[in-house]
Amino acid sequence: MGYKENYESWLNNPYFDEDTRNELKSIEGNEKEIEDRFYMDLEFGTAGLRGVIGAGTNRMNIYTVRKATQGLANYISRVNGQKRGVAIAYDSRHMSPEFADEAALCLAANGIKAYVFESLRPTPELSYAVRKLGCIAGINVTASHNPPEYNGYKVYWEDGAQITPPHDTGIMDEVKKVTDYAAVKTMPLDEAKAAGLYQVIGADIDDPYIAELKKLVLHQDCIDKVGGELKIVYTPLHGTGNIPVRRVLKELGFKNVYVVPEQELPDGDFPTVSYPNPEAAEAFELGLALGKKVDADLILATDPDADRLGVYVKDSKTGEYHSLTGNMSGCLIGDYVIGQRKERDGSLPADGAFIRSIVSTNMADAIADYYGIELVEVLTGFKFIGQKILEFEKTGKGTYLFGMEESYGCLTGTYARDKDAIVASMTLCEAAAYYKTKNMTLWDAMLAMYERYGYYKDDVTSITLKGIEGLAKIQEIMNTLRDQAPQEIGAYKVTAIRDYKKDTVTDLATGKVTPTGLPASNVLYYEMTDGAWVCVRPSGTEPKVKFYLGVKGTSLADADQKSADLSKAVHAMIDKML
Ligand SMILES: O=P(O)(O)OC[C@H]1O[C@H](O)[C@H](O)[C@@H](O)[C@@H]1O
């Protein structure tokens, strides 16, 4: 069916509620809008379903949510997982609780028990809940850090990680097979409850989740010593982090936690920011102002579903606040956790591993090298880190020590299988306490890391290309780069090209081709002279093509300069293709 027919069929089908049909009527004659809403079904990307809320097959609405859930239910039935149930969480976005209930009632109508959180919860807690309750799957209704008009639907499998092969394609196939929206099952809430197919969860999961986090603390002694002195500013950016972050910090003994009042309460409009993403500087405007006022040691921001953490730290020598990228905070936390674990236990597991995505900093490799542990690379998406943890468990080979992504996410511990900004906040505050007892700030610790591991500087630039034309343009950019591979970028010569789609690593000096060792993915990676690199890939969660880059300098200033120069060269390369 073409987009026009799809539109007509929604418009004229009484199965769709009146509001939906009225919304569709209001766009009559607006071809572009109709095409965008109906030219495709919302697809599973890096992080499941994600789209703008509204009527249409390419939108997030109760019908597309139900359809996805019917597909999931069919898959669960196919693998005989009905009895184990599905845990469901949701964030502070518009329609999140409604979509969560739609999903639950569809599952219930399929004989699958749904465990639904009583109110909003962070993504990592959902991941934990799936494991804790022994569920076959999990659903999280969230669009993470996207703008307010978006919502999404992340699917988790029994190990608590977001779906990967074979379950992702298995579920997607089942979703595709559901062609008649009216055939999707659902049932009334009271009936689902009476049948024991809808169970509300809350404190019964919160308490053991927080307890798991606290088990990971390595230096309670340091918190006891200076937890009353450190000043921490925190913003949940109108999302789910508020209660759990404050709770864990309080229970551990951090006494001065200042929450940004304007951003404390859940609000799906995210009224104080245009983009509730700790990667964006604007997310810190209010936090920084409060930080300066109270003279905070560190400023933390978690995104709406609290899987990403952004950080600013105070440089006590200049009084300035430095922003830490996800690469920097990830390395700071990873280095602390691995280093202090070694200190505590005397040694690290012989098969210990530090996992990072291919687009994350090479400083991680230097850290792994320093501690004599393995550095494992995975594709972008924390689900691949989750998948590795499971592989370690299944094969008995490999011990997870730490995992991180440049996109502001990391996980210490294996109680959850998605990135956890609650544990990241906790661990960073603990590290701040530890370094404080050594008369160091977190910024001092960061500088010490540069000294020890090298002056790595990494950056990411993205180009937003929306809609059907945008999608085509992104493909065109990838094709251009494949057909006319750059031999140099800025001051650097390309030494090898990794094409993750073709599964090839081509050494440009010898022409030798080797496999990438990772599953196929539309990613191009240029290894360059002097430890520099550039990587290009379409985002799986937003209408963007992303250009990642990294350099290694001889000092902070040198690395900054090299990074700025390479960034300029990448921009010039992009401009040529637009
Ligand atoms: O670059 P993208 O495909 O948009 O993904 C960026 C990030 O999105 C989400 O936060 C996922 O949970 C991450 O695992 C992923 O790295």
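Just a few scattered comments:
- Residues that are surrounded by 23 or more Cβ atoms within 10 Å (Cβ to Cβ) and away from the ligand (no atom under 16 Å from the Cβ), drawn from the range 355-366: MET363
- Of the residues making up the range 286-306, those that are charged (D, E, K, R) and in contact (Cβ under 8 Å) with a residue 24 or more places away in the chain are LYS292, ASP295, ASP297, ASP303, ASP305.
- Taken as a whole, the condition of being away from the ligand (no atom under 16 Å from the Cβ) and assigned to a helix (DSSP H, G or I) does not apply to LYS388.
- The one condition from (1) more than 22 Å from GLY553 (Cβ to Cβ); (2) more than 14 Å from the ligand (Cβ to nearest atom) that TYR453 does not meet is (1).
- When the criteria are applied in full, VAL200 fails the requirement of being buried (at least 17 other Cβ atoms within 10 Å of the Cβ) and either modelled with pLDDT under 95 or on the phi < 0 side of the Ramachandran plot (or both).
- Of all residues in the range 139-170, exactly one satisfies the criterion of being in contact with a Leu (Cβ under 7 Å, 6 or more places away or on another chain) and more than 14 Å from the ligand (Cβ to nearest atom), namely ASP159.
- Which listed residue is closer than 19 Å to ASP418 by Cβ, in the same structural domain as LYS185 (by TED's automatic domain parsing), at pLDDT 95 or above and open to solvent by 30 Å² or more (accessible area, probe 1.4 Å), from LEU120, LEU126: LEU120
- Subset of the range 369-385 that is open to solvent by 10 Å² or more (accessible area, probe 1.4 Å) and part of a strand (DSSP E or B) - its residue that is nearest to THR541 (Cα to Cα): GLU377
- Test: residue in the range 421-442 that is within 14 Å of the ligand (Cβ to nearest atom) and either touching a strand residue (DSSP E or B) at 6+ places or on another chain (Cβ under 7 Å) or at pLDDT below 95 (or both): yes
- Residue in the range 37-52 that is of a type in the set (D, E, K, R), over 24 Å from the mean Cα position of the chain (by Cα), crowded, with 24+ Cβ neighbours inside 10 Å and more than 18 Å from GLU174 (Cβ to Cβ) present: yes
- Residues located in the range 556-577, provided they are in contact with a Ser or Thr (Cβ under 8 Å, 6 or more places away or on another chain) and polar (S, T, N, Q): SER567
- Residue within the range 458-478 that is among the polar types (S, T, N, Q), in a strand (DSSP E or B) and open to solvent by 30 Å² or more (accessible area, probe 1.4 Å) present: yes
- When every residue of the range 55-75 is checked against the conditions, none turns out to be within 24 Å of the chain's Cα centre (by Cα), closer than 22 Å to VAL130 by Cα and among the aromatic types (Phe, Trp, Tyr).
- Residue within the range 402-410 that is part of a helix (DSSP H, G or I) and either modelled with pLDDT of 95 or more or not charged (D, E, K, R) (or both) present: no
- The set of residues from the range 274-323 being away from the ligand (no atom under 16 Å from the Cβ), assigned to a loop (DSSP other than H, G, I, E, B) and open to solvent by less than 10 Å² (accessible area, probe 1.4 Å) comprises just one member, ALA296.
- The single residue among LYS215, LYS193, LYS176 that is open to solvent by 10 Å² or more (accessible area, probe 1.4 Å), away from the ligand (no atom under 15 Å from the Cβ), at pLDDT below 95 and more than 17 Å from GLY81 (Cβ to Cβ) turns out to be LYS176.
- Residue within the range 460-469 that is in contact with a helix residue (DSSP H, G or I) (Cβ under 8 Å, 6 or more places away or on another chain) and more than 16 Å from the ligand (Cβ to nearest atom) present: yes
- Residue match in the range 92-112 (condition: touching a residue at least 12 places away in the same chain (Cβ under 8 Å), open to solvent by 10 Å² or more (accessible area, probe 1.4 Å) and in contact with a Cys (Cβ under 9 Å, 6 or more places away or on another chain)): no
- The residues in the range 517-557 that are part of a loop (DSSP other than H, G, I, E, B), more than 15 Å from the ligand (Cβ to nearest atom) and open to solvent by less than 30 Å² (accessible area, probe 1.4 Å) can be counted, and the count is 1.
- ASN74 satisfies every condition listed in (1) under 29 Å from LEU379 (Cα atoms); (2) crowded, with 24+ Cβ neighbours inside 10 Å except (2).
- Taking each residue of the range 479-505 that is over 18 Å from SER521 (Cβ atoms) and looking for partners that are open to solvent by 40 Å² or more (accessible area, probe 1.4 Å) and among the hydrophobic types (A, V, I, L, M, F, W, C) with beta-carbon atoms closer than 7 Å, six or more apart or interchain, yields VAL494/LEU508; THR495/LEU508; THR495/ALA509.
- Residues that are polar (S, T, N, Q), closer than 24 Å to ASP307 by Cα, over 23 Å from the mean Cα position of the chain (by Cα) and open to solvent by 10 Å² or more (accessible area, probe 1.4 Å) do occur in the range 237-259.
- Residue check for LEU518: at pLDDT below 95, among the hydrophobic types (A, V, I, L, M, F, W, C) and outside the structural domain of THR57 (by TED's automatic domain parsing): no
The values are calculated or read from the model by the stated rules, or taken from the named source; none is laboratory data. Predicted model only: the values in this text are computed from it and were never measured. Heads up, the Cβs are rebuilt from the backbone with ideal geometry, glycines too, and the neighbour counts pull from every protein chain shown. Please note that ligands, DNA and RNA were not included when accessible areas were found on the heavy atoms of the full protein model with its side chains. Shrake-Rupley method; radii C 1.70, N 1.55, O 1.52, S 1.80 Å.
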